[in-house]
1. Using Cα springs under 10 Å in a Gaussian network model of the chain, which residue among LEU298, LEU308, LEU74 shows the largest mean-square fluctuation?
2. How much length is gained if the chain between SER84 and SER120 is pulled fully straight, taking 0.36 nm per residue apart and subtracting their Cα-Cα distance, in nm to one decimal?
3. Quick one: if the Förster radius is 22 Å, what FRET efficiency do ASN40 and GLU337 give, using the C-beta to C-beta distance and rounding to 0.05?
4. Give me the extension gain from PHE47 to LYS172: residue separation times 0.36 nm, minus the current Cα-Cα distance, reported in nm with one decimal.
5. If R0 is 56 Å, what FRET efficiency do you get for SER22 and LYS306 from their C-beta distance, rounded to 0.05?
6. With 10 angstrom as the radius, rank GLU14, GLU268 by how many other C-beta atoms surround their C-beta, starting from the fewest.
7. Regarding the chain, what's the average projected area of the Cα-atom convex hull, expressed in nm²?
8. Which part of region 178-193 falls in the paramagnetic zone of ARG219, meaning amide N under 19 Å from the point 7 Å along Cα-to-beta-carbon?
Amino acid sequence: MSNKKYHIDFKLNEKSFDTVESLLIFSKTISKDMFCFLENWFDTSNFININTSGSIGKPKLIKLKKKYMINSALATGKYFDLPSKTTVLLCLSLNYIAGKMMLIRALVLGWHLDIVEPKSNPLLTIEKKYNFSAMIPMQLNNSLTKISLISKLIVGGGAVSKNLQHKIKNIKTQVFATYGMTETITHIAIKPLNKASGLSFKNNAYQVLPNVMISKDNRDCLVIDALNVSDKTLVTNDIVDLISNSTFEWLGRFDNVINSGGVKLIPEQIEKKISAVIDCRFFVTSISDELLGKKLILIIERSVQKNLKSQILELKTLSKFEKPKKIYFVNKFILTETGKINRSRTRELIV
């Protein structure tokens, strides 16, 4: 498929199209963002300009080759066995790569794509069954009563907590965590999250897709060579445990590492342990301390609960260094446009 064409079986909101022009006209009725993106997709240029999510640092504009976006779409279709006429629900924002790539996959693979508003409970008014969809963890958590409408689901944009993973353990929907970023044109690695998706005691690791090579740098951060979707080697800030040349366990962000009294702490690993007793949103971060330099704190999106504090501090899985020196409760977290917790701005609420 060239970027002047689309698959003959492609449908958008149950409508087929004879020409690119008719598709562009229809896209205007959905959103201006969609029209502008498709207009760019079908023009004569070889690139698409995409904004990164800005969840770590400031958002930036990067150029992605259209041929690499097509390669990524084909890889997803093959890996998840999603042929033409697959019914797909798009409930992510079209402003970012995850939403844009759902649309490109549909164009390339001939999916029947329905688009709904990217809200926190996307299945609230849905009754139709779908073969495939993509969500962020918050959307999955808010859609559990109707998640059986989706056969296969990929989850990205944040870690899936132990509590949420327990909730989806025995559901019939196949749920997979994804690892990727704008620079890799969404996911380059997949991890099963429940029994239906093939989870076993060995599956705490991400498995890279075909034609992806991985290694580590001297910071223990993941290095990616994915020639089908990128011209250059990508050095990430993601600390990983490299299990093999095709599998890895994600530990946390190098940017988030806290040096507290000479002890290096990885917030994401502490959060994984704490998630055993918390069923709402929270995160671990630090504030300045005269003695320690940085003091480990925990911020929870909930009204104050004294019994919850004691449950956390009594967790046997936490070392003495991993126990928060202070626990704060806030009514509402500040989020990024893609629904991720904005850690720095939320921390400002209590500092």
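The numbers here are math on the coordinates, done by the rules we state, and not lab data. Worth saying up front: this structure is predicted, and the values here are computed from it rather than measured. Every residue, glycine among them, receives a Cβ derived from its backbone with ideal geometry; neighbour counts consider all protein chains shown.
1. Highest fluctuation among the options: LEU308.
2. So the chain would gain 10.1 nm between SER84 and SER120.
3. Efficiency at R0 = 22 Å is approximately 0.65.
4. The PHE47-LYS172 span can extend by a further 41.1 nm.
5. Given R0 = 56 Å and the Cβ-Cβ separation, E is 0.35.
6. GLU14, GLU268
7. Dividing the Cα hull surface by four gives the mean projection, 18.1 nm².
8. In region 178-193, the label zone of ARG219 (backbone N under 19 Å from the point 7 Å along Cα→Cβ) covers 180-184.
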